[in-house]
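The values are calculated or read from the model by the stated rules, or taken from the named source; none is laboratory data. Just so it is clear, the structure is predicted and the values come from calculations on it, not from any experiment. Glycine gets a Cβ as well: all are built from the backbone with ideal geometry, and neighbour counts include every protein chain shown.
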Amino acid sequence: MSTETTASVSTHILDTSKGRPAVGVAVSLATRSGPGRPWQLLGGSTTDADGRCTDLPVPPKGTTQVRLEFQTGAYFSSPPPTVRPSVDLRAPAARQDDASERESPVFLPEVVVVFAITPGEHYHVPLLLTPFGYSVYRGS
């Protein structure tokens, strides 16, 4: 059902390299009223325990394009949570990370997605993320 009101936007991030949601990623939302027009930053949110941002600002009337900026650098550079694995004597010893691997720069410090919107529609934009690539699509 489409009305002449504004559109709405939500997103979530799945870290496909780990097979789980990306928690704690800052996401900002900006809008503009046409190609070449200046962007207006409306605000943002942070992904929750399910990797979702459901409380992003509502684009104002007249918006034709939205820009989502995902701050992925902090997510990839933060240490992973400590997990105590069970001991399996048959498994080979875990390889220790090389210091140069840990100190290398993050390949994707941010991901920016720009898309067109139509008044009255809802846009759910999932981000499938790995340390070296990403994919986005219009979800439901």
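Set side by side, the residues Asp50, Asp55 differ, and just one is of a type in the set (D, E, K, R), under 21 Å from Ser140 (Cβ atoms) and either in contact with a Pro (Cβ under 9 Å, 6 or more places away or on another chain) or assigned to a strand (DSSP E or B) (or both), which is Asp50. Residue pairs whose Cβ atoms lie under 6 Å apart, sitting 6 or more positions apart in sequence or on different chains, and linking a residue in the range 51-76 that is touching a residue at least 12 places away in the same chain (Cβ under 8 Å) and closer than 19 Å to Tyr134 by Cα to a partner that is part of a loop (DSSP other than H, G, I, E, B) and of a type in the set (Ser, Thr, Tyr), are Cys53/Thr47. Checking each residue in the range 1-50 for being touching a residue at least 40 places away in the same chain (Cβ under 8 Å), charged (D, E, K, R) and under 17 Å from Ser135 (Cα atoms) picks out only Asp15. Can you pull out every residue in the range 102-137 that is over 30 Å from Lys61 (Cβ atoms), among the hydroxyl-bearing types (Ser, Thr, Tyr) and touching a strand residue (DSSP E or B) at 6+ places or on another chain (Cβ under 6 Å)? Listed by number, the residues that qualify are Tyr134, Ser135.
Among the residues of the range 8-32, those identified as surrounded by fewer than 16 Cβ atoms within 10 Å (Cβ to Cβ) and either hydrophobic (A, V, I, L, M, F, W, C) or out of contact with any strand residue (DSSP E or B) (no Cβ under 8 Å at 6 or more places or on another chain) (or both) are Lys18, Gly19. Against the list (1) modelled with pLDDT of 95 or more; (2) surrounded by 12 or more Cβ atoms within 10 Å (Cβ to Cβ); (3) within 14 Å of the chain's Cα centre (by Cα), the condition Phe76 fails is (1).
Among the residues of the range 55-66, is any modelled with pLDDT under 90 and surrounded by fewer than 16 Cβ atoms within 10 Å (Cβ to Cβ)? So far as the range 55-66 goes, no, none of its residues is modelled with pLDDT under 90 and surrounded by fewer than 16 Cβ atoms within 10 Å (Cβ to Cβ).
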